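A.B. asks: I'd like to ask some things about the structure below.
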Amino acid sequence: MLRKIALGFIVLWLAALNSSSSAQAWPLLPVGTDQDWALPSTVVIIDVGHGGIDGGASSADILEKDINLAVARKLYFILKSQNIPAVLNRTGDYALSDENRWHITRSRHRKDLSQRRQLTEEIESELLVSLHVNWSKKSSQQGPLVLHQNSGESSLLAFCIQDALNRQQNTAFLPREGKPFYLLNRVQQPAVIVEMGFISSVKDRTMLTDPQRQQEVAAAIASGIRQYKWIVH
């Protein structure tokens, strides 16, 4: 019965995407709470955005790549504690393009992206969650945003993570389709890009650089992943 109710929420949400630019987040599973039903084993690829020479977005000496890695490590251990196998494609401050010896191109950016995609083809995995931090010219812009592929499962995964982050950050945003993004276009399994907040916002930047708040962000993302797995399985 609970699963049917959750699926009903998803149907209503998908309809809202086509008819409205704003909506309230649906109240689903408690963030960071262990559920008392069994979930199947799977491998979640945690794509840690940027790294090495590529610092990503920045504010003074605060770099996106460092925030991404800090939250990714916390997410990895949370998933592990919940018996959800996960892998990190970057465990330190280095560029994945440096590991790419097979893509014949002079573009470091293309090598980086293709190396990230390659991992999804080399190991048996169910989904990919790519962690990033947003930036805007407007310092008032804040809050999380999850981007998804043009597919039902990716949209569902994005909804679940967006809902959990909305509750964690007291926001009410809807996920969006990430049409121009390489990973979302090239990865075959369900994949999402999670913009955890805005480094250009004082409020978000304070949250994203605080270890305890990073733990809360990681717990919200993990909760969204578990919600998704519960619905599809």
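A.B. asks: Would you call Ala60 buried (at least 19 other Cβ atoms within 10 Å of the Cβ) and modelled with pLDDT of 90 or more?
C.D. replies: Considered against the rule, which asks whether it is buried (at least 19 other Cβ atoms within 10 Å of the Cβ) and modelled with pLDDT of 90 or more, Ala60 comes out as no.
A.B. asks: Can we say Val187 is crowded, with 21+ Cβ neighbours inside 10 Å and farther than 17 Å from Ile84 by Cβ?
C.D. replies: yes
A.B. asks: Provide a single number: the residues in the stretch 126-180 that are in a helix (DSSP H, G or I), surrounded by fewer than 16 Cβ atoms within 10 Å (Cβ to Cβ) and either in contact with a Gly (Cβ under 7 Å, 6 or more places away or on another chain) or not small (Gly, Ala, Ser) (or both).
C.D. replies: 0
A.B. asks: Would you confirm whether or not the stretch 106-122 contains a residue that is assigned to a helix (DSSP H, G or I), at pLDDT below 90 and of a type in the set (Gly, Ala, Ser)?
C.D. replies: Yes: the stretch 106-122 contains one or more residues that are assigned to a helix (DSSP H, G or I), at pLDDT below 90 and of a type in the set (Gly, Ala, Ser).
A.B. asks: Mind telling me which of the residues Val202, Val217 ends up being within 18 Å of Glu64 (Cα to Cα), buried (at least 22 other Cβ atoms within 10 Å of the Cβ) and touching a residue at least 12 places away in the same chain (Cβ under 8 Å)?
C.D. replies: The match here is Val217.
The values are calculated or read from the model by the stated rules, or taken from the named source; none is laboratory data. In this text, all values refer to a predicted model and were calculated from it rather than measured experimentally. For neighbour counting, all protein chains shown are included, and Cβ atoms are generated from backbone atoms with ideal geometry for every residue, glycine included.
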